[in-house]
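The values are calculated or read from the model by the stated rules, or taken from the named source; none is laboratory data. Computed from a predicted structure; not experimentally measured. Positions of Cβ are generated from backbone atoms using ideal geometry, with glycine treated the same way; all protein chains shown enter the neighbour counts.
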Amino acid sequence: MNIVESGKYYEPNSYNGPKEDNSFLEPDLELEGVAARFGYDDEDYYSQPRALFNLMSECQKNQLFNNIADSMEGVCKEVIKRALGHFEKISPDYAKGVENALKSKCKSCCEK
């Protein structure tokens with residue numbers, strides 16, 4: 001494995017980084033049946049974080065918004081926009097809270 005400092009080793013990413021290559025999948029293993037890698041049957045990526053967000057107090061939500069905004073310092077606008085899109089799918093209030101926290105910390109972060 002070649003690890004270069006500051007490389008992007010996840011997919012999808014915004015930097016033309018590595019892509020999944022199915023030619024490297026492991027073969028099925030005979031056990032007491034077939035063991036293999038299986039894709040998820042559904043693409044429900046948002047109900048669990050939505051449930052957690054809805055359990056949070058206003059204070060906890062504000063801490064979350066500020067923590068996310070702090071961690072996005074130096075992140076390009078394209079990535080911020082995509083992240084806000086995911087937060088919107090969890091809850092419009094979540095996306096708006098993070099966006100407001102970003103604006104208060106970095107005036108140019110959320111310019112369109």
Got at least one residue in the range 86-102 being free of Cβ contacts under 8 Å to residues at least 12 places away in the same chain, more than 30 Å from Asn22 (Cα to Cα), touching a helix residue (DSSP H, G or I) at 6+ places or on another chain (Cβ under 9 Å) and assigned to a loop (DSSP other than H, G, I, E, B)?
no
Expected output for the range 34-61 (first residue free of Cβ contacts under 8 Å to residues at least 40 places away in the same chain, partner surrounded by fewer than 10 Cβ atoms within 10 Å (Cβ to Cβ) and of a type in the set (D, E, K, R), Cβ below 9 Å, 6+ apart or cross-chain) is Ala36/Glu26; Arg37/Glu26
Residue check, Cys59 against (1) within 20 Å of Ser14 (Cα to Cα); (2) surrounded by fewer than 14 Cβ atoms within 10 Å (Cβ to Cβ), all met but one. Which one?
(1)
Set Glu32, Glu26, Glu5, Glu20: member being more than 22 Å from Lys81 (Cα to Cα) and modelled with pLDDT under 75:
Glu5
